Amino acid sequence: EVQAEGPWLLAGWSDGAVIAYEMARQTESPGGAPSLVALLDPPAPPKGCGVDVTTLLLGFATLAGGYSEQKREAVRALLEGLDVEAGLDLLIELAQADGELPADVGRSWMRERFDLHRRTSIAVETYVPRPYGGSVILVRADASLAAGAADLAAGWGSLARIDAHLVPGANHFSLLQPPVLDRWVEHLKSSLAAFEGKS
């Protein structure tokens with residue numbers, strides 16, 4: 001079923017949060033029905049610039065989960081200066097050595113997944129967000145906050161009214177898994193009920 005008119009309820013996790021934000025922004029119209037958008041552990045608002053090969057490869061490597069900051073920097077140093085093919089070979093070798101990737105997974109399988117990651121990352125990083133007047137709920141995993149950071153919204157507050165919620169004991173990947181999921185879904189439900197009461 002197609003819903004031709006708002007209000008719309010939109011949510012996105014990680015880079016998908018940026019896409020959900022833009023969808024909400026595009027459906028916003030003067031005098032139209034407002035939308036509610038939930039940004040689940042989004043990156044900081046993109047600045048509309050490109051992304052280099054090392055950053056793409058490192059982002060791809062961390063998709064599997066929980067790199068510590070120390071491991072992330074060590075892998076970044078190893079990837080620095082490599083082209084995509086050499087970088088993928090290195091990531092396969094590292095992941096197989098750590099037992100994170102089966103021995104029979106080859107470069108073509110990894111390349112397909114990397115290409116999808118690359119296209120998404122480039123689309124997100126070259127996007128320039130504009131202000132949005134609707135309701136935005138932002139759910140932030142505490143492990144996603146930079147050390148000493150106080151702004152849960154990580155810059156999104158300059159673009160929209162943000163209701164930010166910190167999830168203790170969560171990282172970017174555990175945020176969508178029980179029992180961590182249960183810790184923030186009630187907050188989302190109450191925000192949704194309040195939004196529906198206003199609509």
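The values are calculated or read from the model by the stated rules, or taken from the named source; none is laboratory data. If you're wondering where the values come from, they're calculated on a predicted model, not measured in any experiment. Positions of Cβ are generated from backbone atoms using ideal geometry, with glycine treated the same way; all protein chains shown enter the neighbour counts.
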Within the bounds of the stretch 148-159, is there any residue that is modelled with pLDDT of 95 or more and assigned to a loop (DSSP other than H, G, I, E, B)?
yes
(1) surrounded by 12 or more Cβ atoms within 10 Å (Cβ to Cβ); (2) assigned to a loop (DSSP other than H, G, I, E, B); (3) modelled with pLDDT of 90 or more all hold for His172 apart from (3)
Filter result (closer than 18 Å to Tyr21 by Cα, touching a helix residue (DSSP H, G or I) at 6+ places or on another chain (Cβ under 7 Å) and among the hydrophobic types (A, V, I, L, M, F, W, C)) within the stretch 108-135:
Val124
Got at least one residue in the stretch 102-109 being surrounded by fewer than 11 Cβ atoms within 10 Å (Cβ to Cβ), hydroxyl-bearing (Ser, Thr, Tyr) and out of contact with any Ser or Thr (no Cβ under 7 Å at 6 or more places or on another chain)?
yes
Across the stretch 91-100, what is the number of residues that are surrounded by 10 or more Cβ atoms within 10 Å (Cβ to Cβ) and either outside the structural domain of Asp115 (by TED's automatic domain parsing) or without any contact (Cβ under 8 Å) to a residue 24 or more places away in the chain (or both)?
4
Kindly indicate the residue of the stretch 153-169 that is within 16 Å of the chain's Cα centre (by Cα) and surrounded by fewer than 19 Cβ atoms within 10 Å (Cβ to Cβ) and also nearest to Val128 (Cα to Cα) among those meeting that condition.
Gly155
